[in-house]
Amino acid sequence: MTPLVSVIMGSTSDLPVMEKACQFLNDLQIPFEVNALSAHRTPDAVEAFAKGAQARGIKVIIAAAGMAAALPGVVAASTTLPVIGVPIKGMLDGLDALLSIVQMPPGIPVATVGVNGALNAAVLATEMLALTNEDVAQRLAEYKSTLGRKIEKANRELSEVKYAFKTN
């Protein structure tokens, strides 16, 4: 299998957050790879990865980083592929990482999801792939249809909760 999505993170300590992205991609049968790359500790490897990703068949890169959160921006500077940044909660509840990722200079965009928003990053990557892949589009539509069912189920459960002054 050739991976379509690359999930990268500054260190394996980010894996507990990024597992949600990996699980979603796996559930929707989207081939992906997972690597640890550090913009500060392995800058040459990050640049080589970003410059070679498209030739390897990668269509979207999800890059997670905490604190200074340089990884998504450094990757975006070296590729024309879409990069989705996932700020990882750290010292300032992830605000430091969020601001680092979202404040990119003109011409070097990084789509950014919320702090620890790995699942949304995977959904966004899947939406990008679905533009040109009908099978992925169908699986994504099926997933999205389950979101409404979860709320409907929650409302049925809430209707069973009793309070003296509850009117529904």
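Helical content alone sets the calculated 222 nm signal of the chain at -14500 deg cm²/dmol, taking -39,500 (n - 2.57) per DSSP H segment of four or more residues and averaging over every residue. Once you sort the root eigenvalues of the Cα gyration tensor of region 5-133 as a ≥ b ≥ c, which label holds: rounded (a/c under 1.5), prolate (a/b larger than b/c) or oblate (the other case)? It is rounded, given that a/c, with a ≥ b ≥ c, falls under 1.5. Each label was represented as a point 7 Å from its Cα along the Cα-to-Cβ direction; for Glu19 and Lys144 these points are 2.9 nm apart.
Each other residue within a Cβ distance under 14 Å of Lys166 adds +1 if Lys or Arg and -1 if Asp or Glu, for a net charge of -1.
Coordinate range of the alpha-carbon atoms in region 1-59 per principal axis, descending: 32, 28, 13 Å. The order of the peptides 146-152, 84-90 by mean Cβ neighbours within 10 Å, most packed first, is 84-90, 146-152. Here the Gaussian network model covers the chain, with springs between Cα atoms less than 10 Å apart; of Glu157, Glu127, Glu142, Glu157 fluctuates the most. About its Cα centre, the dipole of the chain is roughly 380 debye, where the only charges are +1 on Lys and Arg Cβ and -1 on Asp and Glu Cβ. Counting lysine pairs in the chain whose alpha carbons fall under 26 angstrom apart, excluding pairs fewer than 8 residues apart on the same chain, gives 12. Amide H contacts of Gly66: Gly10, Ile88, each under 5 Å away and 5 or more positions distant or on a separate chain (H built 1.01 Å from N in the peptide plane; Pro and chain starts excluded). Once a ≥ b ≥ c are taken as the square roots of the eigenvalues of the Cα gyration tensor of region 46-96, is the result rounded (a/c under 1.5), prolate (a/b larger than b/c) or oblate (a/b not larger than b/c)? Cα axes put region 46-96 in the prolate bin. Taking 0.36 nm per residue of separation and subtracting the current Cα-Cα distance, fully stretching the chain between Thr132 and His40 would add 29.6 nm. For the chain, the relative contact order is 21 percent, taking Cα pairs closer than 8 Å that sit 6 or more residues apart in sequence and dividing their mean separation by the residue count.
No lab work stands behind these numbers, since they all come straight from the coordinates. Note that the coordinates shown come from a computational prediction; the quantities given were computed from them, not determined experimentally. We place every Cβ from the backbone using ideal geometry, glycine too, and count neighbours over all the protein chains shown.
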